[in-house]
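One structure is given below, encoded as structure tokens.
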Amino acid sequence: MSDARTPAQIEADIISRREQLAVVLDEIGVRVHPKTIIGDAKAKAAEAVDRTAGRAFVAVNRTVSDVKARFVSKDGAARMERVLPAALLAVGVVGLFAVSVRRRKR
């Protein structure tokens, strides 16, 4: 059981390790390149924005669904006992704004 290697085996081992080291150094070079770092930062920022926008969309969608459920029954008919007071309130608010604007112009 001899572990003695021939000079050719040692040289082949050195060449193999040199090639492996070159690959590792190339990978490190790519990872620390400024464009790679900037690209990674942009990707993380875009992911955060997408996640936040997704959460906002879900929240708005839930709110719209809740409001719609208050004014429309399950069969799709308008709930007039709730629509009329809301419409009157909206008309009153718009009227107050109109009166306020007219008073400011005088």
Tell me the accessible surface of Val101 in square angstrom (1.4 angstrom probe, heavy atoms of protein chains only), to the nearest ten. 80
Taking R0 as 35 Å, what's the FRET efficiency between Ala22 and Lys42 from their Cβ-Cβ distance, rounded to 0.05? 0.75
For the chain, with all protein chains present and a 1.4 Å probe, just round the carbon and sulfur fraction of the accessible area to a whole percent. 64
Kirkwood hydrodynamic radius of region 1-91 from all distinct Cα pairs, in Å? 20.3
Per residue, how much accessible area does region 18-106 have with a 1.4 Å probe, in Å²? 92
Could you tell me which of Ile15, Thr36, Gly92 has its Cα farthest along the dipole of the chain towards the positive end, charges placed at Cβ (Lys, Arg +1; Asp, Glu -1), taken about the Cα centre? Gly92
Any DSSP H helix in the chain with Cα axial reach of 18 Å or more and mean Kyte-Doolittle score of at least 0.5? Listed by number, the hits are 80-105
The FRET efficiency for Arg106 and Ala86, from their Cβ-Cβ distance with R0 = 30 Å and rounded to 0.05, is 0.45
If you build a Gaussian network model of the chain, linking Cα atoms that sit under 10 Å apart, which residue out of Ala46, Ala12, Ala77 swings the most? Ala12
Among Arg79, Arg17, Arg62, which one shows the highest mean-square fluctuation when the chain is modelled as a Gaussian network with alpha-carbon springs under 10 Å? Arg17
For region 1-92, listing GluC sites (Glu not before Pro) in a DSSP loop whose Cβ sees at most 12 other Cβ atoms within 10 Å gives none
Straight-line reach from Lys68: which aspartates and glutamates fall under 18 Å, measuring Cα to Cα and dropping same-chain residues less than 8 apart? Glu81
For Val72, list long-range residues whose amide hydrogen, built 1.01 Å from N in the peptide plane, is under 5 Å from its own amide hydrogen. Arg79
Just to be sure I understand the model, the point goes 7 Å from the Cα along the line to the Cβ. What's the resulting Asn61 to His33 distance in nm? 3.9
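The values are calculated or read from the model by the stated rules, or taken from the named source; none is laboratory data. Everything numeric in this text was worked out from a predicted model, so none of it was measured. FYI the Cβ positions are ideal-geometry reconstructions off the backbone, even for glycines, and counts take in every protein chain you see. To get the accessible areas, we keep the full protein, side chains included, count just its heavy atoms, and leave off ligands, DNA and RNA. Shrake-Rupley method; radii C 1.70, N 1.55, O 1.52, S 1.80 Å.
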